[in-house]
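Below: the structure, in structure tokens.
The values are calculated or read from the model by the stated rules, or taken from the named source; none is laboratory data. Keep in mind that this is a model prediction, so the values were computed, not measured. All Cβ positions, even for glycine, are placed from backbone atoms using ideal geometry, and neighbour counts span all protein chains on display. Accessible surface areas use protein heavy atoms only, side chains included; no ligands, DNA or RNA. Shrake-Rupley method; radii C 1.70, N 1.55, O 1.52, S 1.80 Å.
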Amino acid sequence: MLSLPKSPLLRYLLLAAVVLAIGLAARQRLLGESLPAWPVVEGELRQSIVASGRVRTPQRIEMSAQLAGRVVAVAVREGDAVTPGQVLLRLDDAELKAARAQAQAGLAQSEARLRQVAELARPVAEQGRLQAEANWQQAKKQYERTRELVNRGFYSPAQLDEAGRALAVAESQLKSGEAQVASNRPEGADAQAIRAALDQARATLALAEARLAYASLSAPLAGRVLTRNVEPGDTVQPGKVLLVLAPEAETELTVQIDEKNIGLLALGQTARVSADAYPQQNFAATVAYIAPAVDAQRGSVEVRLRVPEPPAYLKNEMTVSIDIDTARRASALQIPAEALRDASSAAPWVMVVREGVAQKQALRL
């Protein structure tokens with residue numbers, strides 16, 4: 001049994017509270033559940049895909065030595081900008097320079113030998129051939145005179161034999177002189193051999209210069225040093241990556257988009273981007289590439305965005321938040337998502353208040 005307070009004031013307050021509670025309960029029962037209401041507004045409606053991506057390096061150039069050697073100088077550090085042809089690293093090249101000097105001397109010797117053939121050996125051989133031809137002519141005349149005198153009985157046959165031997169010797173010397181002249185001509189065997197030696201000397205010098213060029217690493221194009229894995233004094237082997245360069249190129253972002261959103265993507269769509277390191281600063285990007293296939297492992301498709309005006313703080317491999325605009329209407333009726341019922345069904349609806357009465361209203365989204 002409930003006992004009432006003895007004080008008249010307390011009894012009055014308790015009775016008022018009971019009456020209020022009964023009134024509220026009766027109102028709730030008569031009017032039903034109280035629900036929040038939102039106004040329908042008209043304005044811009046924007047649909048977007050939000051994802052996290054990275055600043056993409058279009059390609060990376062791994063620089064390595066083609067010769068084994070000791071590093072004597074490294075001219076760049078990580079983060080340095082480089083220009084085409086800039087020397088980045090040097091190896092000890094003393095032995096290679098000596099090999100080049102030796103090859104240069106061999107080339108000079110071959111060139112001198114070719115000049116010697118043209119300026120000395122060929123004229124000497126020609127003079128020798130003329131002398132041999134004159135001797136042959138003289139021996140031939142002598143043989144004919146001796147043969148005539150032998151026929152007349154003035155000379156013995158032995159003298160004719162001696163004249164024949166002299167003629168044979170002169171003829172042999174003439175043929176030798178002609179062969180020597182032919183050999184020293186530009187198309188001759190000696191000249192061809194000397195030119196072959198000259199070509200070999202040139203090839204030897206080219207090889208020595210190429211090996212000497214391998215003693216230094218130069219930037220193939222403009223870019224920035226990402227990684228430096230070598231210090232002066234290190235001994236390196238061919239194929240070991242010493243420096244990694246990122247070439248200068250248009251800034252791109254790469255992001256993996258869930259495959260369920262593929263239908264919303266299109267080339268040329270704009271996006272708002274912010275780097276996680278600078279969340280308050282936004283910059284614009286444009287969808288430039290949508291992969292033709294879905295990554296089965298991730299269940300996503302790769303999307304790349306071009307950044308026409310990248311901010312100065314943007315760095316390779318930075319994490320960025322990307323908000324891609326997939327649809328936009330300048331003027332549309334809008335309601336909060338929590339007011340919508342059966343949004344995924346074929347007949348979504350909301351409760352609409354008309355003349356103070358809540359009514360079910362079907363919608364077309």
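Does Val294 qualify as being within 24 Å of Val41 (Cα to Cα) and open to solvent by 60 Å² or more (accessible area, probe 1.4 Å)?
Considered against the rule, which asks whether it is within 24 Å of Val41 (Cα to Cα) and open to solvent by 60 Å² or more (accessible area, probe 1.4 Å), Val294 comes out as no.
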If I filter region 249-266 down to residues being surrounded by fewer than 15 Cβ atoms within 10 Å (Cβ to Cβ) and under 30 Å from Glu62 (Cα atoms), which single residue comes out as modelled with the highest pLDDT?
Glu250
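Here's the yes/no breakdown for (1) of a type in the set (Gly, Ala, Ser); (2) part of a strand (DSSP E or B); (3) modelled with pLDDT under 70; (4) in contact with a Phe, Trp or Tyr (Cβ under 7 Å, 6 or more places away or on another chain):
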{"position": "Ala16", "(1), (2), (3), (4)": "yes, no, yes, no"}
{"position": "Leu30", "(1), (2), (3), (4)": "no, no, yes, no"}
{"position": "Glu33", "(1), (2), (3), (4)": "no, no, yes, no"}
{"position": "Gln47", "(1), (2), (3), (4)": "no, yes, no, no"}
{"position": "Ser52", "(1), (2), (3), (4)": "yes, yes, no, no"}
{"position": "Pro84", "(1), (2), (3), (4)": "no, no, no, no"}
Odd one out for Val225, checked against (1) part of a strand (DSSP E or B); (2) open to solvent by 60 Å² or more (accessible area, probe 1.4 Å); (3) among the aliphatic types (A, V, I, L, M)
(2)
Considering residues of region 314-353 that are within 41 Å of the chain's Cα centre (by Cα) and hydroxyl-bearing (Ser, Thr, Tyr) only, the residue farthest from Gly53 (Cα to Cα)
Thr326
Looking at region 323-339, is at least one residue of a type in the set (Asp, Glu), on the phi < 0 side of the Ramachandran plot and without any contact (Cβ under 8 Å) to a residue 40 or more places away in the chain?
yes
Of all residues in region 290-313, which are under 22 Å from the mean Cα position of the chain (by Cα) and more than 23 Å from Gly223 (Cα to Cα)?
Ile290, Ala291, Glu302, Val303
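Tell me yes or no: at least one residue of region 47-54 is within 30 Å of Ala358 (Cβ to Cβ) and not aliphatic (A, V, I, L, M).
yes
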Among the residues of region 232-256, which ones are within 28 Å of Ala275 (Cβ to Cβ), out of contact with any Ser or Thr (no Cβ under 6 Å at 6 or more places or on another chain) and touching a residue at least 60 places away in the same chain (Cβ under 8 Å)?
Leu243, Leu245, Pro247, Ala249, Glu250, Thr251, Glu252, Leu253, Thr254, Val255
